[in-house]
1. Checking residue 236 against (1) surrounded by 17 or more Cβ atoms within 10 Å (Cβ to Cβ); (2) under 21 Å from the mean Cα position of the chain (by Cα): exactly one of these is not met. Which one?
2. Which ones in the range 76-100 are among the β-branched types (Val, Ile, Thr), open to solvent by less than 50 Å² (accessible area, probe 1.4 Å) and closer than 26 Å to residue 207 by Cβ?
3. Hey, among the residues in the range 177-192 that are surrounded by 15 or more Cβ atoms within 10 Å (Cβ to Cβ) and among the aliphatic types (A, V, I, L, M), which one's farthest from residue 127 (Cα to Cα)?
4. For residues that are aliphatic (A, V, I, L, M), in contact with a His (Cβ under 9 Å, 6 or more places away or on another chain) and touching a residue at least 60 places away in the same chain (Cβ under 8 Å), tally how many sit in the range 192-233.
5. How many residues are surrounded by fewer than 17 Cβ atoms within 10 Å (Cβ to Cβ), over 30 Å from residue 344 (Cα atoms) and among the small types (Gly, Ala, Ser) if we restrict to the range 24-55?
6. Restricting the search to the range 235-270, which residues are modelled with pLDDT under 85 and part of a helix (DSSP H, G or I)?
7. Among the candidates 103, 110, which residue alone is surrounded by 15 or more Cβ atoms within 10 Å (Cβ to Cβ) and in contact with a strand residue (DSSP E or B) (Cβ under 8 Å, 6 or more places away or on another chain)?
Amino acid sequence: MQDDIVTNTELKIATFNLFNYLAPPNAYYDFEKIYTAQQWARKQRWIIDYLTHHQPDIIGFQEVFSIDSLKELVGGQGYNYFAVVDTPEVIDDFIYKRPVVAIASKYPIIEVAAVEHDSDLAIELGLSSDFTFSRKVLRATLTLPHIGNTDCYVVHFKSKRPSIEVDEHNKELTPEKNIIEILKANVAGGWGSTIQRGSEATLLMIQMIARREATKQPMVLMGDFNNELSDGVLSHLLTSTLRFAPAFDAKTYLVKYCLNDSWDLYKKAELNRINAVNLNSTDTPDNDHSDCIVKSTENVNVEAQLIRKPTHYYGASSSVLDYILLSCEFDTGYDDSFFELSGYHTYDRHLINPEYERDDLTTDHGVVLVTLKLRS
């Protein structure tokens, strides 16, 4: 057992939106939306091909309807640990809606729970007393090599679909009045979805901080955020500064409770590796000040080349909706960190260069995979 632990110096984590993962003869959302046996086989095969080729150790799944089918599929690929905290809703015996999230792991899952938000805080924030997450948030505690028990959270935050629905073909209204009603529903309903999504992230983060304080365990947050982190709605997930707090205390303790975007950690690690190579180079004398300019230019060029791929396309627009956030144990800027980001990969061939026979029944999201390497 000890020898196995020593050799496990690399850890791969993925977030994977499966897009209507439902085995026939059941239907998703509408009685006509049913995979044929051949279509389902192709979808299953595509997932297996991804797992076989990329070999993630831990996977957070979204849009899971067929829980048992997924558990069997990943079990056949070496994922002996699998968990969910909810079940989808079924109407009319075979029509499914409200898919759930799941986690699969090659390492032991020792505890699983659905995250419960602070109801009093929700009311204080102006939310209703019956506020709930649009999809239950899964927290699984995994025992990982070198780092020990780690809390992994899998989310699928509220979509941008307006929360207010109207009849888009109301024949009792004039064409102009119909458009006005749709416009009002989109404006108000879109904001309603934004409030829900931002509130979910806020209440989850509060629970993650409390859990971290109680257990001291590392944290991983992964999933389909249905929002870019940079636009303000979810940016508080990356809070790293505090107003009106003692500067020394904030610097000392805050890092332990903050999350980092794995992409940012990857970029930082790449620049650090380049700096290390440059510093070890003997081609240029130490007193050659032009070397500093060259190094700086090289860093700028590398940073410019590190372009994050979108994970979702809608018409002519694209965005990053799928994220993996990590606590300080995975940040080389933290003295006591265990791992560093050595790879960041967005699998998007099925989105940008699809082949019908291979990719027609895959997913509308890219699959994000991060590779973590044990620090030497």
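1. Status for residue 236: all satisfied but (1).
2. We begin by selecting, within the range 76-100, every residue among the β-branched types (Val, Ile, Thr); these are 84-85, 87, 90-91, 95, 100.
Checking which are open to solvent by less than 50 Å² (accessible area, probe 1.4 Å) leaves us with 84-85, 95, 100.
Answer for the range 76-100, where residues must be among the β-branched types (Val, Ile, Thr), open to solvent by less than 50 Å² (accessible area, probe 1.4 Å) and closer than 26 Å to residue 207 by Cβ: 84, 85, 100.
3. This residue is 182.
4. Step one: list which residues in the range 192-233 are aliphatic (A, V, I, L, M), which gives 195, 201, 203-206, 208-210, 214, 219-222, 229, 233.
In the following step, the residues that additionally are in contact with a His (Cβ under 9 Å, 6 or more places away or on another chain) were identified as 201, 203-206.
Retained after the next criterion (residues that are touching a residue at least 60 places away in the same chain (Cβ under 8 Å)): 203-204, 206.
Looking only at that region, the number is 3.
5. 1
6. Of everything in the range 235-270, those that are modelled with pLDDT under 85 and part of a helix (DSSP H, G or I) turn out to be 247, 248, 249, 250, 251, 252.
7. Numbers: 110 fails: surrounded by 15 or more Cβ atoms within 10 Å (Cβ to Cβ).
Checking each option against the conditions leaves just 103.
Okay, residues lined up against (1) open to solvent by 80 Å² or more (accessible area, probe 1.4 Å); (2) modelled with pLDDT under 90:
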{"residue": "151", "(1), (2)": "no, no"}
{"residue": "157", "(1), (2)": "no, no"}
{"residue": "175", "(1), (2)": "yes, yes"}
{"residue": "206", "(1), (2)": "no, no"}
{"residue": "229", "(1), (2)": "no, no"}
{"residue": "232", "(1), (2)": "no, yes"}
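The values are calculated or read from the model by the stated rules, or taken from the named source; none is laboratory data. Everything numeric here is computed off the predicted structure, so don't read it as measured data. A quick note on method: Cβ atoms are made from the backbone with ideal geometry, for glycine too, and the neighbour counts reach across all protein chains shown. Remember, those area values only see protein heavy atoms, side chains included, never the ligands or the DNA or RNA. Shrake-Rupley method; radii C 1.70, N 1.55, O 1.52, S 1.80 Å.
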